[in-house]
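A quick write-up on the structure given underneath.
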Amino acid sequence: MKSIISNSLLSLFTVLLCFLLGETLIRVVYHYAPNYDFEMWRYASDLKEPLPFTELPFHHYPNKAGKYYGTELRTNSLGLRDNEYAFHKPKGRTRIVILGDSFALGWGVPFTSTLSKQLERRLNKSTSVFEVINMGVGNYNSSMEVALFKRIGLSLQPNIVVLLYFVNDMEPTPRLSSLRYNLFSRFYLPGFIVEHIGRLFSVHDNELTRYYRDIYDPASPALAQNTRAIRELAGMCSERGIKLLIVNVPDLRQLQEYPFMFATGHIRKLALDSRVPFLDLLPVFARQKEESLWVNAEDPHMNALANTLAADALFTFMANDHYNIR
């Protein structure tokens with residue numbers, strides 16, 4: 001019995017020592033050589049707060065900041081990557097709310113280079129009455145974006161709502177385990193292990209089209225759920241006299257012979273059926289080389305140039321489509 005106890009304690013000590021050594025090594029390595037998966041994992045661990053709501057399982061912590069790819073992400077008291085805004089809109093102001101995922105958030109680009117801030121500066125070139133509020137959160141789908149709009153966005157009294165739509169916005173709403181969250185938010189090693197196991201089962205580029213086709217299958221419950229959410233958003237805006245615009249953000253990895261036109265077709269038809277103006281950014285981005293629009297070689301999120309092109313296209317569309325922004 002003494003031998004069993006001694007061996008067990010020795011084994012436990014060895015495991016703990018290996019864990020601590022591995023944790024230390026990974027923290028040092030990723031401090032100097034970050035990669036996309038791990039930076040996204042750190043962002044989720046540092047800035048995302050679990051919520052007890054099925055339709056909105058997480059949101060950003062309020063008043064918190066972190067650096068990812070050397071770029072700061074800082075949230076305000078509402079958990080938004082933006083300046084502070086009171087719920088009561090100042091007299092004479094026009095508020096535009098941007099809904100979306102990490103593309104709206106401005107992943108990988110400085111705050112001043114995000115689409116929302118670039119659009120705000122463009123609108124206020126000859127005035128100062130526009131406030132463009134960034135409600136983007138990484139890894140949100142359309143249902144979660146609408147849920148956040150109902151919880152916070154409506155209270156901000158927007159005049160215009162812009163829904164930035166990406167091909168994966170029809171994915172199912174994720175579920176968070178409290179045990180998993182607490183473990184992963186405190187230690188790097190579990191994230192490293194899961195990341196590398198996940199790579200063994202990850203969807204490769206040549207399988208990505210099939211993956212998304214499955215999501216957009218008419219029988220997909222997630223497709224139905226997210227589609228209902230966008231219709232609900234259109235109804236809420238219509239009832240309150242809020243102008244809504246849906247903007248399609250293409251996957252930037254292949255802009256020529258774009259492989260996800262079926263997803264663009266779905267959101268375009270949904271916008272048409274809901275009587276909502278629709279802007280597709282694919283023709284805007286297709287004039288550029290794909291890599292010139294990426295945050296870096298392994299991360300095809302919109303960089304500062306892509307955010308500039310998107311903001312310019314959005315400004316031009318709104319100026320020509322009766323949004324009263326002149």
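Only residues that are closer than 22 Å to Asp169 by Cα and of a type outside the set (A, V, I, L, M, F, W, C): list them for region 83-115, please.
Gly100, Asp101, Ser102, Gly106, Gly108, Thr114
In region 154-175, how many residues are of a type outside the set (A, V, I, L, M, F, W, C), over 16 Å from the mean Cα position of the chain (by Cα) and surrounded by fewer than 24 Cβ atoms within 10 Å (Cβ to Cβ)?
Final tally of qualifying residues: 4.
Would you please name the residue that is nearest to Gly70 (Cα to Cα), looking only at residues in region 110-132 that are β-branched (Val, Ile, Thr) and buried (at least 23 other Cβ atoms within 10 Å of the Cβ)?
Per the criteria, the residue is Thr114.
Looking at region 43-56, I want the residues that are in contact (Cβ under 8 Å) with a residue 24 or more places away in the chain and have a partner that is basic (Lys, Arg) and surrounded by 13 or more Cβ atoms within 10 Å (Cβ to Cβ) with Cβ atoms under 8 Å, at least 6 apart or on another chain. Which pairs are those?
Here the result reads Asp46/Lys64; Leu47/Lys64; Leu56/Arg151, each pair linking region 43-56 to a residue that is basic (Lys, Arg) and surrounded by 13 or more Cβ atoms within 10 Å (Cβ to Cβ).
If you go through region 290-320 one residue at a time, how many are out of contact with any Leu (no Cβ under 8 Å at 6 or more places or on another chain), of a type in the set (Asp, Glu), touching a residue at least 24 places away in the same chain (Cβ under 8 Å) and more than 17 Å from Arg121 (Cβ to Cβ)?
Counting residues in region 290-320 that are out of contact with any Leu (no Cβ under 8 Å at 6 or more places or on another chain), of a type in the set (Asp, Glu), touching a residue at least 24 places away in the same chain (Cβ under 8 Å) and more than 17 Å from Arg121 (Cβ to Cβ) gives 2.
In this structure, is Glu55 among the acidic types (Asp, Glu) and not in a loop (DSSP other than H, G, I, E, B)?
no
Could you tell me which numbered condition Tyr211 fails, if it satisfies all but one of (1) farther than 15 Å from Ile160 by Cβ; (2) in contact with a strand residue (DSSP E or B) (Cβ under 8 Å, 6 or more places away or on another chain)?
(2)
Since Arg253 meets every condition but one in (1) surrounded by fewer than 16 Cβ atoms within 10 Å (Cβ to Cβ); (2) assigned to a helix (DSSP H, G or I); (3) within 18 Å of the chain's Cα centre (by Cα), which condition does it not meet?
Among (1) surrounded by fewer than 16 Cβ atoms within 10 Å (Cβ to Cβ); (2) assigned to a helix (DSSP H, G or I); (3) within 18 Å of the chain's Cα centre (by Cα), Arg253 violates only (2).
Just need a number here: residues in region 133-142 that are among the small types (Gly, Ala, Ser) and surrounded by 24 or more Cβ atoms within 10 Å (Cβ to Cβ).
So the answer is 2.
Quick check on my filter: what residues within region 115-143 are part of a strand (DSSP E or B) and over 13 Å from the mean Cα position of the chain (by Cα)?
Listed by number, the residues that qualify are Phe130, Glu131, Val132, Ile133.
Does Arg287 meet the test of being charged (D, E, K, R), in a loop (DSSP other than H, G, I, E, B), surrounded by fewer than 19 Cβ atoms within 10 Å (Cβ to Cβ) and in contact (Cβ under 8 Å) with a residue 24 or more places away in the chain?
Against the criterion (charged (D, E, K, R), in a loop (DSSP other than H, G, I, E, B), surrounded by fewer than 19 Cβ atoms within 10 Å (Cβ to Cβ) and in contact (Cβ under 8 Å) with a residue 24 or more places away in the chain), Arg287 does not qualify.
If you take the residues of region 67-86 that are among the aliphatic types (A, V, I, L, M) and in a loop (DSSP other than H, G, I, E, B), which of them is surrounded by the most Cβ atoms within 10 Å (Cβ to Cβ)?
Ranking the candidates gives Leu80 first.
Since Asn296 meets every condition but one in (1) crowded, with 18+ Cβ neighbours inside 10 Å; (2) out of contact with any helix residue (DSSP H, G or I) (no Cβ under 7 Å at 6 or more places or on another chain), which condition does it not meet?
So Asn296 meets the others, but not (1).
Readers should treat all values here as calculations from the given coordinates under stated rules, not as data from a laboratory. Since we're looking at a predicted model, the values are computed, not measured. Cβ: placed from backbone, ideal geometry, glycine included. Neighbour counts: every protein chain shown.
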